[in-house]
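Everything below concerns the one structure shown next.
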Amino acid sequence: MTRHDITRLSLGLTLGLLALPLQAQQNDATHWVSDSLTTYVRSGPTDGYRIVGTLTAGEPVTQLETSGNYTRVQNADGNSVWILTSELQATPSAQVRVPALEQQVAELSAELDGINEEWESRTAAQREALEAREARIADLEARNEALDAETEQSRQTIRQLQARLDTQEEDLLMRYFMYGGGVAGAGLLVGLVVPHLPRRKRKRDRWF
């Protein structure tokens with residue numbers, strides 16, 4: 001949930017609260033004087049009765065009875081007077097509702113701020129964890145590349161050593177072959193020459 005979504009949610013909740021009556025559990029006989037600046041009240045249920053005073057805008061009163069266009073109400077002081085029915089309303093006036101709504105809006109705003117801070121904290125923690133994992137992955141990839149390079153270098157060294165070993169084996173075989181051929185040739189030569197060498201005659205010593 002982004003900050004924009006939280007702001008939209010806050011506005012939606014505020015508008016919803018403004019649309020709901022805050023005193024739904026009040027007695028049905030309780031009404032409120034309309035938001036006019038002054039509301040005149042009379043001593044009887046017609047315009048012919050004299051005005052006996054005024055009621056404060058937004059003041060709660062108890063409905064007693066209705067006659068024609070007038071309703072007899074009783075205020076908090078216990079005074080009973082007649083007031084035009086059209087100047088009564090069944091829901092609390094703005095004077096009563098606005099402070100309560102402002103309080104609820106302040107509470108909701110504080111709660112949403114807390115949610116936003118918690119969300120940002122979690123997001124920051126997740127971002128740090130992700131960055132740490134990415135760094136770890138990058139390190140492992142670098143080490144893997146280094147190991148691959150070392151492996152390839154080792155393979156090249158092994159191939160070079162194997163080639164040198166093969167060359168040395170061929171040289172050794174050639175030397176053995178030449179040595180054996182030399183020995184065989186010398187033996188053959190000796191076998192051919194020795195029989196043709198002149199033999200020395202033995203002198204026979206005579207004693208008589």
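For the range 109-127, indicate whether the set of residues that are closer than 30 Å to G58 by Cβ, touching a helix residue (DSSP H, G or I) at 6+ places or on another chain (Cβ under 9 Å), part of a helix (DSSP H, G or I) and open to solvent by less than 70 Å² (accessible area, probe 1.4 Å) is non-empty. Yes: the range 109-127 contains one or more residues that are closer than 30 Å to G58 by Cβ, touching a helix residue (DSSP H, G or I) at 6+ places or on another chain (Cβ under 9 Å), part of a helix (DSSP H, G or I) and open to solvent by less than 70 Å² (accessible area, probe 1.4 Å). Taken together, the residues in the range 42-79 that are open to solvent by less than 70 Å² (accessible area, probe 1.4 Å), of a type in the set (S, T, Y) and closer than 29 Å to V98 by Cβ amount to 3.
Given the options E118, E152, name the one that is among the charged types (D, E, K, R) and modelled with pLDDT under 90. The conditions single out E118.
Quickly run through the range 51-89 and pick out the residues that are in contact with a Lys or Arg (Cβ under 7 Å, 6 or more places away or on another chain) and either part of a loop (DSSP other than H, G, I, E, B) or among the charged types (D, E, K, R) (or both). Within the range 51-89, just E65 meets the criteria. Before we move on, is E87 within 30 Å of T56 (Cβ to Cβ), in contact with a strand residue (DSSP E or B) (Cβ under 9 Å, 6 or more places away or on another chain) and acidic (D, E)? Yes: the conditions hold for E87.
The values are calculated or read from the model by the stated rules, or taken from the named source; none is laboratory data. Quick caveat: nothing in here was measured; it's all calculated off a predicted structure. Cβ: placed from backbone, ideal geometry, glycine included. Neighbour counts: every protein chain shown. Only protein heavy atoms, including side chains, enter the accessible area calculation; ligands, DNA and RNA are left aside. Shrake-Rupley method; radii C 1.70, N 1.55, O 1.52, S 1.80 Å.
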